[in-house]
Amino acid sequence: MQVPPELQKVLDLTREQNRWRRTETINLIASENVMSPLAESVYMSDFMSRYAEGLPFKRYYQGTKYIDELEALTNQLLAEISKAKFADVRPIAGTIANAAVFRILGEPGDKALIAPVQAGSHVSHTKFGTLGALGIQHIEMPYDEENMNIDVDKAIKMIEEVKPKFIVLGGSLYLFPHPLKELEPHAHAVGAKIVYDAAHVYGLIVGGQWHNPLDEKADFLTASTHKTFPGPQGGVVLSNNEELFKKVQKTIFPWWVSNHHLHRIPATAVTSIEMKYFGREYASQIVKNSRALAEALAEEGFKVVGEHLEYTRSHQVAVDVRKQGGGAKCAKSLEDANIIVNKNLLPNDPPSAVNDPSGLRLGVQEMTRYGMKEDDMREIARLMRLVLIDGVNPSEVKRKVVEFRKNFLTVKYTFDVVPESPLKIPMLI
Ligand SMILES: *Cc1c(COP(=O)(O)O)cnc(C)c1O
């Protein structure tokens, strides 16, 4: 039979996506990354078709002997590189990891304190997201505008007054670390547990460029495995508290997943090994690059958020683009030039501005993985200036972007072996 047109369409769209996003764009979406070819080669395996409900070596299915060993090893590797006692890789997303932990720490009607929206709290921490679905009430801790962070003194008062079941730290627009060390004794004094949501900064933690919340007595660390940690899309729960961890583990299956998408697991293991050996180098280049990008953008004439705090300590940079026409318009013009960013609410925006916020959020982790250094950040800032300040036609800038990207087509911070895909699936590009 001939290839039907709808099939051709699917193949074409997939190939075009690969070509465009893998070889022709500067990707600055802060929540994304790419796996190494090595991790991708084990991602495409028979595991993508299998079930393994339950815990390794205690499954409800036959045929699981290899995933049992792999999953136990992956959990061990994740715990090792995170300096945690326990890890569970089964949550299929960071949000699922949060849900599993929140549900054990609170009952419907209970209260949780979260970071203020201005300091980056994620929708899953709020009544609009996972906490709301669990019937747990969220109360935002007060914001300190000067430090662009949680107001420590007022938050301590709030913890003492509200006596929440737990507090959630960590964020999505996340430039500066939340004050875990300062809040921890006060939270634990009123019996509140601490969840540190490291979705964005997990790779920086593993690479030693961000404080490790477990060292500072957080009860749980939850994360996505695909943002600064450059693995397959997924989630993880980590903890040093055996009793609480076991409670969460008992509920991941059957409350939050039935099957947990097994092909993620060898790919997460490969990424963990890459981070064990190259994570320090990778994470330190990420934070150098984000600082370099922020400084270069400021020099080109952009209003970069947080100048008085040296802009950023993470992989992210936030830019106030009201003068250039607002977040929505700027993000679109940049996309026309093959520079991919997301529009983002800035700390002073009202929530109603979500469709046309003041800012752009940029993340350097993916381009760093392709080998970019500080000088390349300066080139990105110049390209952004051409589009957003000088008003050069985006299609003209796009040609420069495509040329520039040709120098960065290979994933670094990985091993020099690329086995063929276990299933011999041809690369689409
Ligand atoms: C991205 C993000 C999540 C959700 O992660 P998913 O893996 O997409 O479910 C959770 N918390 C924070 C702070 C995030 O930024």
Under DSSP loop assignment and at most 10 Cβ neighbours within 10 Å, longest GluC sites (Glu not before Pro)-free interval of the chain: 147-419
Karplus-derived HN-Hα couplings along region 363-371 (A = 6.51, B = -1.76, C = 1.60, θ = phi - 60°), whole Hz, x at Gly and Pro: x, 9, 4, 6, 5, 5, 5, 7, x
10 Å-binned pair-distance histogram of region 279-405 (Cα, whole percent): 14, 45, 34, 7, 0
Counting DSSP beta bridges with both ends in the chain, the antiparallel % (nearest 5): 55
Placed amide H near LYS193: partners under 5 Å, 5+ positions off or other chain: PHE166, ILE167
Alpha-carbon Debye profile of region 22-89, log10 I(q)/I(0) at 0.25 Å⁻¹: -1.15
Diffusion constant of the chain at 20 °C, which comes from Stokes-Einstein with the Kirkwood Cα-pair radius and 1.002 mPa s, µm²/s: 96
Histogram of C-alpha separations across region 40-274, 10 Å bin width, %: 8, 34, 35, 17, 5, 0
Whole-Hz ³J(HN,Hα) from phi, Karplus 6.51 cos²θ - 1.76 cosθ + 1.60, for region 131-148, glycine and proline x: 4, x, 4, 8, x, 8, 7, 9, 10, 7, 6, x, 9, 10, 5, 4, 8, 6
Proximal aspartates and glutamates relative to LYS406, as straight alpha-carbon distance under 13 Å, when same-chain residues fewer than 8 apart are discounted: GLU24, ASP376
Longest to shortest principal axis, alpha-carbon extents of region 53-111, angstrom: 42, 29, 17
Carbon/sulfur fraction of accessible area - region 163-222, other protein chains in place, 1.4 Å, %: 49
Whole-Hz couplings from phi, Karplus 6.51/-1.76/1.60, listed for region 322-333; x for Gly and Pro: 4, 5, 8, x, x, x, 5, 5, 5, 4, 5, 4
For ILE114, residues with placed amide H under 5 Å, excluding near neighbours: ILE139, GLU140, MET141, VAL168
Carbon plus sulfur fraction of accessible area for region 279-405, probe 1.4 Å, in percent: 44
Net charge of neighbours whose Cβ lies under 12 Å from the Cβ of PRO394, counting Lys and Arg as +1 and Asp and Glu as -1: +1
Extreme residue, positive dipole direction of the chain, given options SER395, LEU183, ILE92 (C-beta unit charges): ILE92
Residues of the chain: accessible area per residue with a 1.4 Å probe, Å²: 44
Distant alpha-carbon pairs in region 185-272 (separation over 21 angstrom), percent: 37
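Restricting everything to alpha-carbon atoms, can you work out Rg to Rh for region 120-210 with a Kirkwood hydrodynamic radius?
Working: Rg = 13.1 Å, Rh = 13.7 Å.
Here the Rg-to-Rh quotient is 0.95.
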Entries in LYS227/LYS373; LYS246/LYS412; LYS157/LYS343; LYS58/LYS193 that, when Cα-Cα distance is taken, lie over 25 Å: LYS246/LYS412; LYS157/LYS343; LYS58/LYS193
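The values are calculated or read from the model by the stated rules, or taken from the named source; none is laboratory data. Just so we're clear, the structure is a prediction, and the values are computed from it rather than from any experiment. No Cβ is skipped: glycine too gets one built from the backbone with ideal geometry, and neighbour counts run over all protein chains shown. Heavy atoms of the whole protein, side chains included, go into the accessibility calculation; ligands, DNA and RNA do not. Shrake-Rupley method; radii C 1.70, N 1.55, O 1.52, S 1.80 Å.
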